[in-house]
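What follows is a single structure, written as structure tokens, with notes after it.
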Amino acid sequence: MKNKTEPVEVGCPKRKHAEIIYLPKEEVPRCPKCKTQMINFRLTGLLPLTPS
Ligand SMILES: [Zn+2]
């Protein structure tokens, strides 16, 4: 693997809000509203929030 950052869409599974972070530079944050651990939608295959 190369040491390269990649934009990843993560989001709160409860409230469905999302944000972009850069892995592996940043860690997947907790939701600022409900404190749930946010998930990587690309990895889970759940809820693609940005239509393509
Ligand atoms: Zn939340």
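Readers should treat all values here as calculations from the given coordinates under stated rules, not as data from a laboratory. In this text, all values refer to a predicted model and were calculated from it rather than measured experimentally. Cβ: placed from backbone, ideal geometry, glycine included. Neighbour counts: every protein chain shown.
Summary of values
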read-out: Difference of contour (0.36 nm per residue) and Cα-Cα distance, LYS33 to GLU6; value: 7.2 nm
read-out: Per-residue ³J(HN,Hα) for segment 16-30, Karplus 6.51 cos²θ - 1.76 cosθ + 1.60, θ = phi - 60°, Hz, x for Gly and Pro; value: 6, 8, 9, 8, 9, 10, 10, 9, x, 5, 10, 9, 5, x, 8
read-out: Amide H contacts of LEU23 (H built 1.01 Å from N, under 5 Å, at least 5 apart or other chain); value: GLU6, VAL8
read-out: Amide H contacts under 5 Å for MET38, placed H, 5+ residues apart; value: ARG30, CYS31
read-out: 15 Å reach of a label modelled at ASN40, 7 Å along Cα-to-Cβ, counting backbone N of segment 15-33; value: 19-30
